[in-house]
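What follows draws every value from the coordinates through simple rules; no lab data is involved. Note that the coordinates shown come from a computational prediction; the quantities given were computed from them, not determined experimentally. Quick reminder, even Gly has a Cβ in these numbers, built from the backbone with ideal geometry, and neighbours come from all protein chains shown.
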Amino acid sequence: MTVRVQTEDFDAGAEIGALSSAEPGAIPGAVVSFTGLVRDRHGGKIVHAMTLEHYPGMTEKELMRIRDEAMARWPITKATIIHRVGRLLAADQIVFVGCASPHRDAAFEAARFMMDFLKTDAPFWKAEETEDGTQWVDARDSDNAAAARWSKD
């Protein structure tokens, strides 16, 4: 199980390969992954770059908590969360979430769960560079609504 916060890019194919690998008799039936990219438009404006900041130590701890909760809810054999920080250009890879499971539904649900909570609970701060200058990105109501659907209430 992997959780990394890093400035360098990642190889999504290699990460999927690592999730797929196992000893005979323990090969997962499904591997699901999500790779997020820095979008080139937001709010009708062209985005040239995004700078992500985080709180070292606290961010990794929260990502591990999210991963561990997904593994407790679904039969996940492996899970990976990678999030980049620093200045990224439009179209750069920003996040990878992946999981392996004996069952496809569990893999899909766990990956979606991890991504939803990464967007709302992980302590990252984002600033977008547009033609109008640099602005901090506020949390979106749609991200909070997506995370709320997982409530155990």
DSSP-loop trypsin sites (Lys or Arg not before Pro) across segment 6-54, with at most 14 other Cβ within 10 angstrom: Arg39
R0 of 25 Å, Cβ-Cβ distance Ala145-Phe108: FRET efficiency to nearest 0.05: 0.85
Volume of the Cα convex hull of segment 65-143, divided per residue and given in Å³: 110 Å³
√(5λ) per eigenvalue of the Cα gyration tensor, segment 102-153, largest first, Å: 29, 13, 9
Mean separation of Cα contacts under 8 Å, 6 or more apart, over the residue count of the chain: relative contact order %: 31 percent
GluC sites (Glu not before Pro) restricted to DSSP loop in segment 1-58 with at most 11 other C-beta within 10 Å: Glu8
Other-chain or far-sequence residues with amide H under 5 Å of His103's (modelled H): Gly29, Ala30
Alpha-carbon centroids, segment 101-126 and segment 65-94: separation in whole Å: 7 Å
When segment 2-145 is reduced to its Cα atoms, the Kirkwood hydrodynamic radius in Å: 15.9 Å
